[in-house]
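First the structure, which I've put down as structure tokens, then a few questions once you've had a look.
All of the numbers you see were taken from the coordinates with simple rules; none came from a lab. Note that the coordinates shown come from a computational prediction; the quantities given were computed from them, not determined experimentally. Cβ: placed from backbone, ideal geometry, glycine included. Neighbour counts: every protein chain shown.
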Amino acid sequence: MNTEHEFAAEIQRREQAEEQQRMDFKFAREEVSIDPSSPHRMTDVAAVRTFVLAGNARFTLRSKATGTRFTFKVRQPSDTKPHFVSLLNGSSNEEDYQFLGTIFKDGAYRRGQRSHITDDAPSAKAFDWFWKRVVAGKLSEQLEVWHEGRCCRCGRTLTVPESIASGIGPECAKRMQS
Ligand SMILES: [Zn+2]
């Protein structure tokens, strides 16, 4: 099975479902072209691994081809505990995270038995695929890794790459224009 193609097909389907949501960000998209050298975009696999396992990481994976993205939080409650992976699944990028799986001490990742997100969900596949790449020491050019930003106007956390790159959220960008 070609995981890369499977992932691409899944994220394309997801993209159609997200059409409405993406329309909300149309303003920001039109105004901002993403700088590929943005300091918020991580391209070094060792740096990505360190970042993800630092204990309280939030980051967004974005498909270069489709613009589809998922935001994850990876938290280690204490040094003796494993890392817990959760998925942003709601309107608040501070609060609305849902348990997805666990990264164990040996670096292996497994989706949680009690996660409500199924193995075949695009988000679950995306993280699994991403982490396998990190463990293998080779990121895909097709998958961008962005760590969170902060809105320069209201101070809120930014998780959408277009907003991270510009440093301002879509609502605040609209207000600045009017
Ligand atoms: Zn703002």
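Could you count how many residues in segment 143-163 are more than 13 Å from the ligand (Cβ to nearest atom) and either over 14 Å from the mean Cα position of the chain (by Cα) or within 17 Å of Gly67 (Cβ to Cβ) (or both)?
6
Assuming Ala124 fulfils every condition listed in (1) buried (at least 17 other Cβ atoms within 10 Å of the Cβ); (2) in contact (Cβ under 8 Å) with a residue 60 or more places away in the chain; (3) under 16 Å from Ala8 (Cβ atoms); (4) not basic (Lys, Arg) apart from one, which condition is it?
Every condition holds for Ala124 apart from (2).
Another one. On the basis of being in a loop (DSSP other than H, G, I, E, B), in contact with a Ser or Thr (Cβ under 8 Å, 6 or more places away or on another chain) and charged (D, E, K, R), does Glu94 make the cut?
In short, yes.
How many residues does segment 147-178 hold that are outside any helix (DSSP H, G or I), surrounded by fewer than 23 Cβ atoms within 10 Å (Cβ to Cβ) and not β-branched (Val, Ile, Thr)?
Result for segment 147-178: 11.
Being away from the ligand (no atom under 12 Å from the Cβ), in contact (Cβ under 8 Å) with a residue 60 or more places away in the chain and among the polar types (S, T, N, Q) is true for just one of Ser178, Ser140, Ser115, Ser166. Which residue is that?
Only one candidate passes the filter, namely Ser140.
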